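Right, one structure below, let's go through it.
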Amino acid sequence: MADISVNFLGIKSPNPFWLASAPPTDKKINVVRAFEAGWGGVVWKTLGSQVKNVSSRYSAVDYGGHRVMGLNNIELISDRPLDINLKEITEVVKMFPDRAMIVSLMADNDRESWHELIKKCEDAGAMGFELNFGCPHGMTERGMGAAVGQDPEIARMVVEWVMEKATIPVITKLTPNVHSVVPTGAACVEAGTNALSLINTIQSVTGIDLDTFVPNPYVGGKSVFGGYCGPAVKPIALKMLTTISQNEITRKVPISGIGGISTWKDAVEFMLLGATTVQVCTAAMKHGFRIVEDMCEGLNNWMDEKGFKTVNDFIGKSVEKITHWEDLDINYHHVANINQDKCIHCGLCYIACEDTSHQAINIAKGNPYNNYTIKEEECVGCNLCKLVCPVDNCITMEEKRVAPEYINWIEWQRRGLPLNDH
Amino acid sequence: MAIKNNRLTAEQYEQNFSDIHPPFETKEAAMVEANRCLFCYDAPCTKSCPTSINVPKFIKQITTENIKGSAHTIFSSNIMGAGCSKVCPVEKLCEGACVYNLMDEAPIPIAKLQRYSTEQAMAHNWQLFDRKPSVGKKVAIVGAGPAGLSCAHVLAREGVDVTIFEKEAKGGGLMTYGIAAYKVTPEFCEDEVNYITSIGGIDIKYNQELGKNITVEQLQKSYDAVFLAFGVGLARQLEIPGENLEGVVDAIGFIYDLRTKGFPSLPVGDSVAVIGMGMTAIDAATQAKRLGAKNVTMVYRRTKDEMPCTQHELDIAMLDGCNVMWLAAPKEVKGENGKVTQLVCDVMKLGEPDASGRRSPVATGETFELNVDMVIKAAGQMPFETMVQQQQIGHKNGKVTVADKSVTNLNGVFAGGDCVNGGKEVVDAVQAGKDGAAAIIKFLAI
């Protein structure tokens with residue numbers, strides 16, 4: 001059995017799966033249920049100035065009969081009184097001392113407010129803080145949340161205030177609603193944050209009611225942009241995580257990865273790109289806390305199969321695999337092959353290639369089943385046919401190097417080698 | 001043993017003759033199946049449909065909640081798409097070709113999805129087709145069955161004024177009169193006919209039989225073109241002793257009575273033998289059992305490998321508790337006091353392949369007896385040879401001969417459906433009606 005426990009800046013948790021700061025971590029009753037289910041830690045829903053929430057609060061994107069491929073929300077930070085939250089945090093820490101208890105903070109935009117909030121939370125037993133510089137709705141209008149995270153200099157200033165006071169580890173959570181997460185991330189690291197987490201939610205409109213013409217979620221005939229999350233945002237989160245893991249300033253601090261993580265596989269991907277812990281929200285909101293069971297078991301089995309003893313054996317392993325386009329090997333080439341024994345003759349590869357790619361698939365008409373084969377000389381190896389094929393391993397990509405040696409684009413140009421071979 | 005009616009309670013009749021293929025109960029249920037569809041290109045299901053319904057498209061339209069579009073896609077290819085969704089032997093057509101079969105997964109329930117869209121269209125009376133302004137041409141159609149209605153609808157859309165002559169009191173043909181009651185109800189058939197004719201320009205004259213009330217010659221004179229779609233109807237005789245005993249009926253008549261007289265009034269024996277193993281034989285056997293017959297035995301002279309019905313249909317009969325005697329050919333019906341008491345059968349074995357390519361059954365000399373009080377003959381249907389001959393329509397063994405799918409020997413007279421092919425599926429007849437309409441449109445240069 002592999003050891004899946006993590007040590008994040010001295011904060012220990014039995015597994016890398018934390019619940020993100022969100023409705024599931026708003027109250028003791030939820031967090032106790034989460035810890036009973038086996039979650040390694042929580043980031044308690046953001047504490048700060050008093051707010052008032054509206055109804056409704058969520059809307060979703062469904063796709064191909066699957067509910068909640070993406071979820072957006074317009075809920076603000078915790079709308080419960082601060083003293084109740086703090087009292088409950090103390091109680092939960094006492095009940096579950098082995099779990100990570102991070103408290104998310106978003107104070108009013110002045111030094112005193114931050115210092116006061118930090119003091120109260122530390123007294124309550126918080127093991128670490130996560131600064132909410134990412135909330136894209138409601139708080140930005142008051143100069144908080146994403147309004148801080150979108151301006152590296154404001155973020156730097158707030159982190160400096162926090163670091164003056166905090167005696168426990170500080171994680172700064174980054175907003176994705178920027179051109180690049182690196183400038184704010186670097187400013188925060190330079191200002192002393194102990195760690196980074198990303199991504200927060202992405203501003204979005206999930207859809208519009210075609211009868212009322214009011215976008216979702218509906219609040220008395222109007223709507224607002226909501227923060228988008230769930231499986232749909234994972235690729236964007238992984239990209240942003242990579243930029244943080246590759247930047248020489250930001251890569252110095254540990255990272256907690258967030259964004260559409262629903263399974264142990266998603267979690268492993270975030271960890272391979274540099275995350276030490278991962279935070280989950282939407283998947284739990286869709287299925288409940290029980291999903292953590294398979295996340296732990298799946299991670300454990302995968303680590304055993306790969307021979308990894310601890311999570312540190314693989315964290316960050318894929319960071320160097322993402323390179324610049326100019327460094328890719330132009331002599332690498334592969335072509336598709338269709339396994340005729342596995343083919344079910346659906347024609348999806350054919351029509352995708354014929355209509356939208358390189359006309360590299362032959363069709364031999366039959367009744368009722370056509371046969372499809374690859375024209376190797378036309379195939380550019382784009383993967384599209386393999387991606388749309390409904391049968392696992394029916395279409396495989398077979399390596400057919402153009403030449404044995406590595407050559408990149410810059411070298412290709414320097415040598416004046418031919419272009420437009422397709 | 002006796003043949004009698006009113007064997008069951010009202011509740012039992014209701015239960016026995018309720019829809020054998022119930023519809024989706026919820027939109028969600030339909031969506032789950034619709035979303036499973038892979039949206040194949042040049043789809044095997046479409047190619048396996050005699051009317052070439054664009055199945056992936058109409059299913060995709062269900063997933064986008066474009067049900068009107070979905071129904072339009074279906075009806076564009078098959079105006080009886082609603083009825084076909086209930087009666088088509090889809091296991092050997094669209095669903096049999098679904099690529100999921102090749103993955104050993106359950107095929108998409110295409111018929112059920114087709115029913116989902118078409119039932120909504122009929123329930124809301126969506127008018128999905130516009131009739132062009134009248135082009136001043138009149139076409140007579142003989143028979144308001146699937147072929148005739150399909151032809152009529154295409155012509156009506158093109159602005160032709162259509163008159164259909166139907167020998168029965170209702171339209172729908174074998175759909176209305178010749179199919180097991182648990183597949184389609186007479187009420188549904190009537191609704192379907194009304195829905196099809198609601199486009200306008202189609203006038204159905206009932207109780208008008210070719211050779212009795214009208215002649216082809218008259219129609220040729222009064223109309224710009226004629227489409228013959230009078231089907232088949234006469235049950236093939238067994239040509240064995242005792243065939244005229246009381247208790248020997250033919251399946252077509254038996255199902256006709258079932259469809260027209262109401263279940264309780266229809267008499268059925270205690271012990272029934274059904275001759276044949278086609279779809280109609282299955283219908284007759286299951287309906288007899290569901291009317292309250294204690295024993296139903298299907299007698300077929302070949303083996304399961306040669307049977308004309310599908311495995312799915314056979315399963316229905318077996319699950320209803322019908323027995324099957326393979327390699328058994330009726331030799332004689334015996335009776336007492338003019339009533340059936342026994343069916344004597346030859347025990348057969350398979351010999352050399354016959355003209356149909358199937359190994360032909362040969363008598364072994366052994367015989368056996370079944371103690372029955374009713375014999376239902378479902379050994380195929382015969383064309384109206386005498387009538388066809390009298391009307392001077394070119395034919396072969398009573399089946400109307402056509403060139404280019406629907407052109408007969410008579411000027412301006414076209415034909416299609418069972419009267420041409422000798423008896424196939426409803427969906428084949430619908431396609432024949434479309435072919436006939438295309439030929440007529442070309443002939444009239446519309």
task: Return the only residue of A:Val43, A:Val68, A:Val32, A:Val93 being within 28 Å of A:Asp209 (Cβ to Cβ), among the hydrophobic types (A, V, I, L, M, F, W, C) and surrounded by 14 or more Cβ atoms within 10 Å (Cβ to Cβ).
output: A:Val68
task: Scan segment B:384-423 for residues that are among the aliphatic types (A, V, I, L, M) and touching a Ser or Thr at 6+ places or on another chain (Cβ under 8 Å) and report the count.
output: 5
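Here is a yes/no grid of residues against (1) touching a helix residue (DSSP H, G or I) at 6+ places or on another chain (Cβ under 6 Å); (2) more than 14 Å from B:Lys205 (Cβ to Cβ); (3) in a helix (DSSP H, G or I); (4) not β-branched (Val, Ile, Thr):
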| position | (1), (2), (3), (4) |
| --- | --- |
| B:Asp130 | no, yes, no, yes |
| B:Pro133 | no, yes, no, yes |
| B:His153 | yes, yes, yes, yes |
| B:Ala156 | no, yes, yes, yes |
| B:Gly159 | no, yes, no, yes |
| B:Val162 | yes, no, no, no |
| B:Glu168 | no, no, no, yes |
task: May I ask you to list the residues in segment A:188-203 that are surrounded by fewer than 24 Cβ atoms within 10 Å (Cβ to Cβ) and touching a Lys or Arg at 6+ places or on another chain (Cβ under 9 Å)?
output: A:Val189, A:Glu190, A:Ala191
message: Scan segment B:176-184 and tell me whether some residue there is more than 13 Å from the chain's Cα centre (by Cα) and either of a type in the set (S, T, N, Q) or closer than 17 Å to B:Ala140 by Cβ (or both).
response: no
message: One residue is enough: does segment B:423-433 have a residue meeting the conditions polar (S, T, N, Q) and touching a strand residue (DSSP E or B) at 6+ places or on another chain (Cβ under 6 Å)?
response: no
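Listed here are the residues, each with its yes/no results for (1) surrounded by fewer than 19 Cβ atoms within 10 Å (Cβ to Cβ); (2) within 21 Å of B:Ile20 (Cβ to Cβ); (3) within 20 Å of the chain's Cα centre (by Cα).
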residue	(1), (2), (3)
B:Phe58	no, no, no
B:Ser70	no, no, no
B:Met80	no, yes, yes
B:Ala97	no, no, no
B:Ile108	no, yes, no
statement: Filtering strands (runs of 3 or more DSSP E) wholly in segment B:345-446 for at least 3 residues that are under 30 Å from B:Lys138 (Cα atoms) gives B:413-415
field: Filter result (assigned to a loop (DSSP other than H, G, I, E, B), buried (at least 19 other Cβ atoms within 10 Å of the Cβ) and more than 14 Å from chain B (Cβ to nearest Cβ)) within segment A:309-355
entry: A:Ile315
- prompt: Which members of segment B:15-32 meet the condition of being within 11 Å of another protein chain (Cβ to nearest Cβ) and surrounded by fewer than 21 Cβ atoms within 10 Å (Cβ to Cβ)?
  reply: B:Glu28, B:Met31, B:Val32
message: Just the residues that are among the charged types (D, E, K, R) and within 12 Å of chain A (Cβ to nearest Cβ), please, taken from segment B:33-63.
response: B:Glu33, B:Arg36, B:Asp42, B:Lys47, B:Lys60
- line: A careful count of residues in segment B:87-107 that are in contact (Cβ under 8 Å) with a residue 40 or more places away in the chain and closer than 28 Å to B:Thr280 by Cβ gives 11
- request: Would you check which residues across segment A:1-11 are outside any loop (DSSP other than H, G, I, E, B), over 20 Å from the mean Cα position of the chain (by Cα) and buried (at least 16 other Cβ atoms within 10 Å of the Cβ) and list them?
  value: A:Ile11
message: For segment A:203-229, which positions are in contact with a strand residue (DSSP E or B) (Cβ under 9 Å, 6 or more places away or on another chain) and part of a strand (DSSP E or B)?
response: A:Gln203, A:Ser204, A:Ile208, A:Pro215, A:Lys222, A:Gly226, A:Gly227, A:Tyr228, A:Cys229
- prompt: Listed residues A:Ala100, A:Ala124; which is free of Cβ contacts under 8 Å to residues at least 40 places away in the same chain and more than 22 Å from A:Thr201 (Cα to Cα)?
  reply: A:Ala124
- line: Counting only residues that are facing chain B (nearest Cβ under 9 Å), assigned to a loop (DSSP other than H, G, I, E, B) and in contact with a strand residue (DSSP E or B) (Cβ under 7 Å, 6 or more places away or on another chain), segment A:356-368 contains a total of 0
task: Just one of (1) surrounded by fewer than 23 Cβ atoms within 10 Å (Cβ to Cβ); (2) in contact with a strand residue (DSSP E or B) (Cβ under 6 Å, 6 or more places away or on another chain); (3) at negative phi trips up B:Leu266, so point out which.
output: (2)
- request: Check whether at least one residue in segment A:397-416 is farther than 27 Å from A:Leu273 by Cβ and either in contact with a helix residue (DSSP H, G or I) (Cβ under 7 Å, 6 or more places away or on another chain) or among the hydroxyl-bearing types (Ser, Thr, Tyr) (or both), and report yes or no.
  value: no
task: Could you tell me which residue of segment B:102-145 is farthest from the other protein chains (Cβ to nearest Cβ), considering only residues that are under 30 Å from A:Pro368 (Cα atoms) and in contact with an Asp or Glu (Cβ under 8 Å, 6 or more places away or on another chain)?
output: B:Gly145
Conditions (1) of a type in the set (Lys, Arg); (2) within 14 Å of chain B (Cβ to nearest Cβ); (3) within 31 Å of the chain's Cα centre (by Cα); number of the one not met by A:Lys386: (2)
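One line per residue, one yes/no per condition, for (1) buried (at least 23 other Cβ atoms within 10 Å of the Cβ); (2) among the small types (Gly, Ala, Ser):
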position: A:Val214; (1), (2): no, no
position: A:Lys222; (1), (2): no, no
position: A:Cys229; (1), (2): yes, no
position: A:Ala232; (1), (2): no, yes
position: A:Thr243; (1), (2): no, no
query: Right, B:Lys47: over 23 Å from the mean Cα position of the chain (by Cα), surrounded by fewer than 20 Cβ atoms within 10 Å (Cβ to Cβ) and either free of Cβ contacts under 8 Å to residues at least 12 places away in the same chain or farther than 28 Å from B:Asp257 by Cβ (or both) or not?
result: no
query: Tell me, which residue of segment A:389-402 that is more than 14 Å from chain B (Cβ to nearest Cβ) and at pLDDT 95 or above is surrounded by the most Cβ atoms within 10 Å (Cβ to Cβ)?
result: A:Ile395
query: Is it the case that A:Asp304 is assigned to a helix (DSSP H, G or I), more than 30 Å from A:Thr25 (Cα to Cα) and at pLDDT 95 or above?
result: yes
query: Out of segment B:324-353, which residues are without any contact (Cβ under 8 Å) to a residue 40 or more places away in the chain and surrounded by fewer than 15 Cβ atoms within 10 Å (Cβ to Cβ)?
result: B:Glu336, B:Asn337, B:Lys349, B:Gly351, B:Glu352, B:Pro353
- prompt: For B:Ser356, which of the numbered conditions (1) out of contact with any Cys (no Cβ under 8 Å at 6 or more places or on another chain); (2) surrounded by 15 or more Cβ atoms within 10 Å (Cβ to Cβ); (3) on the phi < 0 side of the Ramachandran plot fails to hold?
  reply: (2)
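The values are calculated or read from the model by the stated rules, or taken from the named source; none is laboratory data. As the structure is a computational prediction, the values presented were derived from the model and not from experiment. Methodologically, a virtual Cβ is constructed for each residue, glycine included, from the backbone with ideal geometry; neighbour enumeration extends over all protein chains shown.
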